[in-house]
Amino acid sequence: MREKSSAMRIHRVTILGKRYESAQVRAAAVLLLPTLIAIILLFLIPVVQVVAYSFTNYNLTTGMKAYNGLANYEYLFTDDRFFKAIRNTFTFATLKLVIDTSLALAIALMLDSAIPLKKYLRSAYFAPVVVPVVASSLIWIWFFDPGIGPFNQILSALGLPTSEWLYHEDTALLSILMFSIWKGLGYNVVLFLAGLQNIPTSYIEAAQVDGAKAYQVLFKIKLPLLRPIISFVLMIGIINTFKVFAEVNVMTPKGGPLYSTALMVNYIYDTAFTSGRMGRACSASIILFLIIFALTIIQTKLDARKTISLE
Amino acid sequence: MAKKLKRMSIPIFLILLLGSIAMIFPFVWMILSAFKTVPDVYAYPPKWLPSSWKFNNYVKVFQMIPFAKYYFNSIFTSTVQTAIQLFLSVTAAYALVVLDFPGKKFLLSLIRSTMFVPIVVTLIPLYLLVSKAKMIDTYAGIILPQVFAAFTIFLLVSFFSTIPQILYDSAKLDGCGYYRILSEVVIPNSKSPISTAMLFSFLGHWKSYTWPLIVTNKATYRTLPIGMKYLVQESSSEYQIMMAASVMAILPVLIVYLFFEKQLVKSITLTGLKA
């Protein structure tokens, strides 16, 4: 009895005007210490350094490392290859977001209706998401082979014009986009499907009782209620498409014909690890981050406005 | 229900079935082609089925590149990364959900902010840090920079918040300290979320590409994805051999996926919808 009451007595400390139980504060400090160290070493320090290095001529091959102001940024803004990489990234990201999101939404809406083999179908659409990028890129490299790839063989069997796929500057990036959509589609399908299944059936039934047509249910009930998920998918999509690297690096190691498949990450990788220009690569990383950041903000703002106007 | 099924489903089902065949086709092609011979690969009109079912291509993969070593490296680094990541995530998530301490809000937003800075942005300082620590071409260099992920922390935070408060209170009344509440209440009650997080982080590490690529120069430290990237160049378009290697890299993941699909999908939607 006495033991229990002593265990119940709680030591308290006051930190910044708020009272805490000291045992909890101590436990939190111990338990969070490893995570805190990881965040400092793997996130905070590198973030500070990438900014600092971006103002230097840090070069691994010559060993130079001196402050050079905005010279890296000035160089980047006059570099054709950098501009090409930015343009490629925007093309890639726009097409991917539009095609991927609308296709995934359509598939999810169809999967949400009464159909047989629903479970198998969902698994089939999701399967490419879980397989490693490199291993699946290898399959598609063969698909894209102009001579002995199945794509061209099918096209020519049907009497259609064939393509050079990865080996022509006009089609190389689009080929990687095809792969990328196949690979990533299932992720959004699963998210949209979960969102659709969260919509109470009573909403839809009530609308049907009132004589709403299928398209009215879709545009007046399902899509508005899906809006939060659509905006989440877009945000994640922006961040993810601007990070794309592996498939481009595997399918077109040199950045494709006339640098046509090089995305921003490929440019950063080449600058840092092929040429050793760490400072310049850091500046490019900062620009990449700022673009992603700005797009995310614009996206959130736009979406908030839409939600308000709807209500 | 029955009326709806009759009216709507058949055309939609056929469209989805056709689409699903397109999604699965690359895998079927890979598995069949891993048995093909060189003449099969170059045959015109194309051969869909291999002319024999021998495992020669698989043997050749092991002869051409140190495939077993790559496999070992991938299993080893992914396992250690997953273990450390889970340790960090479980302790952090528990503290963030259960404990009251100063700076909690700040820490939460700090962890969240790491999700908005893609790893490519901090890649170069990390590489320089690792190279200064003389950890290029070491397992530590591959493993340590990849052990922190806000994603698993938030996954576990969302699961831990669903543990009923009464379990914590009664453990406290029994005189459990905060470490024992973690080891005797939270962890035993979260076996399935923790195994989900484990699965997720293992799959993530298994396919990790950019970091292992830049931090390994010697072939002996290459992980599977990196080894396979170089196989493309070294095999000079011997597709049937590339397919055999792909089968060996993809099949374990597909099998894991088929077993744990429900968990995977559930946690994607959970974190996806909550974020």
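Readers should treat all values here as calculations from the given coordinates under stated rules, not as data from a laboratory. Quick caveat: nothing in here was measured; it's all calculated off a predicted structure. Note that we place each Cβ from the backbone using ideal geometry, even for glycine, and neighbour counts take in every protein chain shown.
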message: Contact list please: Cβ distance under 9 Å, first residue in region A:61-90 and on the phi > 0 side of the Ramachandran plot, second residue surrounded by 14 or more Cβ atoms within 10 Å (Cβ to Cβ) and not hydroxyl-bearing (Ser, Thr, Tyr), pairs at least six apart or on different chains.
response: A:Gly69/A:Phe55
message: With the requirement that a residue be on the phi < 0 side of the Ramachandran plot and either away from every other protein chain (no Cβ under 12 Å) or of a type in the set (Asp, Glu) (or both), what does region A:238-263 give you?
response: A:Glu247, A:Pro257, A:Ser260, A:Thr261, A:Ala262
field: Which listed residue is of a type outside the set (S, T, N, Q) and more than 13 Å from chain B (Cβ to nearest Cβ), from A:Ala172, A:Ala157
entry: A:Ala172
- request: Could you look through region B:35-52, keep only residues that are among the hydrophobic types (A, V, I, L, M, F, W, C) and touching a residue at least 12 places away in the same chain (Cβ under 8 Å), and pick out the one that is farthest from A:Ser156 (Cα to Cα)?
  value: B:Phe35
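Going through A:Ile107, A:Ile115 one at a time, which residue ends up being in a helix (DSSP H, G or I) and surrounded by 18 or more Cβ atoms within 10 Å (Cβ to Cβ)? Lay out the reasoning, then the answer.
Values: A:Ile115 fails: in a helix (DSSP H, G or I).
Answer to the selection: A:Ile107.
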field: Qualifying positions in region B:112-136 - under 25 Å from A:Phe232 (Cα atoms), more than 7 Å from chain A (Cβ to nearest Cβ) and not in a loop (DSSP other than H, G, I, E, B)
entry: B:Arg112, B:Ser113, B:Ile119
message: Just to verify a result, which residue in region B:179-211, among those that are among the hydroxyl-bearing types (Ser, Thr, Tyr) and either outside any helix (DSSP H, G or I) or buried (at least 22 other Cβ atoms within 10 Å of the Cβ) (or both), is nearest to the chain's Cα centre (by Cα)?
response: B:Ser201
field: Failed criterion for A:Ala172 (all others in (1) surrounded by fewer than 20 Cβ atoms within 10 Å (Cβ to Cβ); (2) within 30 Å of A:Leu263 (Cα to Cα); (3) of a type outside the set (Val, Ile, Thr) hold)
entry: (1)
statement: Residues of region B:212-255 being touching a Phe, Trp or Tyr at 6+ places or on another chain (Cβ under 6 Å), part of a helix (DSSP H, G or I) and closer than 15 Å to B:Phe67 by Cα, in sequence order, are B:Leu224, B:Pro225, B:Gly227, B:Ala244
message: Going residue by residue through region B:243-251, is there one that turns out to be of a type outside the set (A, V, I, L, M), more than 28 Å from B:Val59 (Cα to Cα) and either out of contact with any helix residue (DSSP H, G or I) (no Cβ under 7 Å at 6 or more places or on another chain) or within 7 Å of another protein chain (Cβ to nearest Cβ) (or both)?
response: no
message: If the requirement is being within 11 Å of chain A (Cβ to nearest Cβ), hydrophobic (A, V, I, L, M, F, W, C) and surrounded by 15 or more Cβ atoms within 10 Å (Cβ to Cβ), which of these qualifies: B:Phe35, B:Phe67, B:Phe13?
response: B:Phe13
query: Could we say that B:Asp100 is charged (D, E, K, R), over 24 Å from the mean Cα position of the chain (by Cα) and under 30 Å from B:Ser158 (Cβ atoms) here?
result: yes
- line: Scanning region A:134-153 residue by residue, the ones that are more than 7 Å from every other protein chain (Cβ to nearest Cβ) and assigned to a loop (DSSP other than H, G, I, E, B) total 5
- prompt: Is it the case that some residue within region B:164-172 is facing chain A (nearest Cβ under 10 Å) and over 22 Å from the mean Cα position of the chain (by Cα)?
  reply: yes
